[in-house]
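Peer 1: For reference, the structure I am asking about is given below.
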2 protein chains.
Amino acid sequence: MRISQLAAEADVPVATVKYYLREKLLHDGVLTSPTQAQYDDSHVQRLRLVRALLGPGGLSVAATRDLLHHIDHPPPSAHQLLGVAHQALQRPARAEVDLAPVHTLLERWNWAVDDEDRDTQGALAAALAGLRAAGFDVPADALDGYARAMREVAETEIASVPTDSAESAVRYVVLGTVLIEPLLLALRRLAQQDASHRRFAARPTPPSAATE
Amino acid sequence: MRISQLAAEADVPVATVKYYLREKLLHDGVLTSPTQAQYDDSHVQRLRLVRALLGPGGLSVAATRDLLHHIDHPPPSAHQLLGVAHQALQRPARAEVDLAPVHTLLERWNWAVDDEDRDTQGALAAALAGLRAAGFDVPADALDGYARAMREVAETEIASVPTDSAESAVRYVVLGTVLIEPLLLALRRLAQQDASHRRFAARPTPPSAATE
């Protein structure tokens, strides 16, 4: 198909397709003349993926290019996938942050994490430090509760990683990491509204307020 | 205390304190001369809070100013707190997104959410649309699992909202929303590493690889 049809197929303006081509987010088509190229279904798929990563995924162009590279060149072992995905998605490391509180927690929960991935541990340490600095104390049992909930989530996710091909596994892990995060945060907020309703707004609205 | 002592107390450069004062993220001190002001413990507390929101919280200066306003001027009812926090923290709304799939889910889970808060529902709709566009199918039971885990989290959180004063309640809800999000995401990634370890790397390392 021509570029105009590709754009229509993926519901993206032609100018955007050209921008993705220039930014190497989309592989070139097959040239049929010096100014014309043919595209196929692989371009439609990739275009949809790029849109999802840049849009709901909230990634930068550089991070997206990086992730696509990993999807196209999967690492040799399934366990390495996760490290690759996490590192590609990590925000730039902050100034040195004390990892000791994180190690204490990981030991308490008996979690075996990637020792060399200091970024993800650093993200947890920074979140804890931020809470403490803001004077927002998370009691130990609340923290354990968060850890339990996230462990349940992760358990199901890792159990579902397909192992039929490295390409499908890395695709699953990368997209699952980046695209499920906004899903989880939106679900938490909606669940909070539901819980708040039940705790604070369960009483029927008085007639005077209802007619406001 | 003088500005230099305030800065030292909160471990922030003096120039940064001045910047926060200019940006109205920090309330003015009491002038003791045309060029000197006195600060107190309320400034130290606020300074720590601002750092946490801008740093680990990942908020912009404008969003931080907005949040502080809500902390200082809490809404009249406890249930409104959450709406205020969620709206202040929401990323700008995307182009119109179809909320029908979200309504179907909320009905299936029997969640009572804020009808007028279309932004949070829009965030969930956008996350679902992104996953679908990327060809990443989340089966219904996996989605139910995510919802269950987030409901557990939210349940505990809302049960812990203090009701002694509106100020402490709004502080709890706002900070809990913004500062717990990076905590949850970091926990999920570490839990994934742990689960991946158990699924893919549980076998003892062969001696040849161990000496690499």
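We did not get these values from a lab; they are worked out from the coordinates using the rules stated. If you're wondering where the values come from, they're calculated on a predicted model, not measured in any experiment. Don't worry about glycine lacking a Cβ; one is built from the backbone with ideal geometry, like all the others, and counts go over all protein chains shown.
Peer 1: For Cα pairs less than 8 Å apart in space and 6+ apart in sequence, what is the mean separation divided by the residue count of chain A, i.e. the relative contact order in percent?
Peer 2: Result for chain A is 20 percent.
Peer 1: Would you mind counting up the charge near B:R22? Only other residues with Cβ under 15 Å from its Cβ, with Lys and Arg at +1 and Asp and Glu at -1.
Peer 2: The answer is +2.
Peer 1: Further, regarding this structure: Averaged over its residues, how many other protein chain Cβ atoms are within 10 Å of peptide A:131-142's Cβ atoms? Numbers along the way, then the final one.
Peer 2: On the way: counts 9, 4, 12, 15, 6, 10, 0, 5, 1, 0, 1, 6.
Taking all residues of A:131-142 together, the mean is 6.
Peer 1: Right, another one. Inside 10 Å of the C-beta atoms of B:28-41, what's the mean count of C-beta atoms belonging to other chains?
Peer 2: Whole-number average of other-chain Cβ neighbours for B:28-41 is 0.
Peer 1: How large is log10 I(q)/I(0) at q = 0.10, 0.19 Å⁻¹ when the Debye formula is applied to the Cα atoms of chain B, each weighted equally and without solvent?
Peer 2: -0.63, -1.44
Peer 1: Kindly state, as a whole number, the per residue volume in cubic angstrom of the convex hull around the alpha carbon atoms of the protein assembly as shown.
Peer 2: Cα-based convex hull of the protein assembly as shown, divided per residue, equals 200 Å³.
Peer 1: Sticking with this one: In debye to the nearest 20, how big a dipole does chain B give about its Cα centre with +1 on each Lys and Arg Cβ and -1 on each Asp and Glu Cβ?
Peer 2: Its charge dipole is roughly 760 debye.
Peer 1: Taking every residue in B:42-50, how many Cβ atoms of other protein chains lie within 10 Å of its Cβ, on average?
Peer 2: Mean inter-chain Cβ contacts per residue within 10 Å come to 2.
Peer 1: Roughly how many Å is it from the Cα centre of the range B:96-146 to that of the range A:117-154, as a whole number?
Peer 2: 26
Peer 1: Let me have the 222 nm mean residue ellipticity of chain A computed from DSSP H runs of 4+ only, each contributing -39500 (n - 2.57), with the sum over all residues rounded to the nearest 500.
Peer 2: Mean residue ellipticity at 222 nm (helix-derived): -21500 deg cm²/dmol.
Peer 1: Run the reach check for A:K24 against aspartates and glutamates, Cα to Cα strictly under 18 Å, same-chain hits fewer than 8 apart removed. What comes back?
Peer 2: Once the sequence-local aspartates and glutamates are set aside, what remains near A:K24 is A:D40, A:D41, A:D66, A:D72.
Peer 1: Right, here's the next one. Let me spell out the model: positive unit charges on the Cβ of Lys and Arg, negative unit charges on the Cβ of Asp and Glu, origin at the Cα centre of the protein assembly as shown. What dipole size does that give, in debye rounded to 20?
Peer 2: 640
Peer 1: What does the charge dipole of the range A:1-54 about its Cα centre add up to, to the nearest 20 debye, if the Cβ of each Lys and Arg holds +1 and the Cβ of each Asp and Glu holds -1?
Peer 2: Values: 7 positive and 6 negative charges, 35 e Å.
That gives a dipole near 160 debye.
Peer 1: What nm distances, shortest first, do you get from the label point of B:H27 to those in the other copies when the point sits 7 angstrom along Cα to Cβ?
Peer 2: 6.1
Peer 1: Ok, one more. Can you check what the net charge comes to around B:H43, using other residues whose Cβ is under 12 Å from the Cβ of B:H43 (Lys, Arg +1; Asp, Glu -1)?
Peer 2: Taking every Cβ under 12 Å from that of B:H43, the sum is -1.
Peer 1: Now for a separate question. Tilt of helix B:118-133 relative to the longest C-alpha principal axis of chain B, in degrees (0 to 90, nearest 10)?
Peer 2: Between the helix axis and the principal axis of chain B, the angle is about 40 degrees.
Peer 1: Can you give the local net charge around B:Q192? Use residues other than it whose beta-carbon is closer than 13 angstrom to its beta-carbon, Lys and Arg +1, Asp and Glu -1.
Peer 2: -2
Peer 1: To the nearest 0.05, how large is the calculated FRET efficiency for B:A8 and B:R148 if R₀ is 51 Å and r is the Cβ-Cβ distance?
Peer 2: Plugging the Cβ-Cβ distance into 1/(1 + (r/R0)^6) gives 0.60.
Peer 1: Work out the charge dipole of chain B with +1 on the Cβ of Lys and Arg and -1 on the Cβ of Asp and Glu about the Cα centre, then indicate which of B:M1, B:G130, B:S196 is farthest towards its positive end.
Peer 2: B:S196
Peer 1: Which residues' amide hydrogens lie under 5 Å from the amide hydrogen of B:A37, considering only partners 5 or more residues apart or on another chain, with H built in the peptide plane?
Peer 2: For B:A37, whose amide H was placed from the backbone, the distant partners under 5 Å are B:I3, B:T32.
Peer 1: Separate question: If I model a spin label as a point 7 Å beyond the Cα along the Cα-Cβ vector, how far apart are those points for A:Y19 and B:A159 in nm?
Peer 2: It works out to 4.8 nm between the two label points.
Peer 1: While we're here: For the range B:1-94, take the convex hull of the Cα atoms, compute a quarter of its surface area, and give me that in nm², please. Can you show the working numbers first?
Peer 2: Numbers: hull surface 28.9 nm².
Hull-based average projected area comes out at 7.2 nm².
Peer 1: For the rotation that brings chain A onto chain B, whose beta-carbon in chain A is nearest the axis, and what is that distance in whole angstrom?
Peer 2: A:A149, 2
Peer 1: Once Lys and Arg get +1 and Asp and Glu get -1 on their Cβ, which of A:S42, A:S168, A:T16 lies farthest toward the positive end of the dipole of chain A?
Peer 2: My answer, from the dipole projection, is A:T16.
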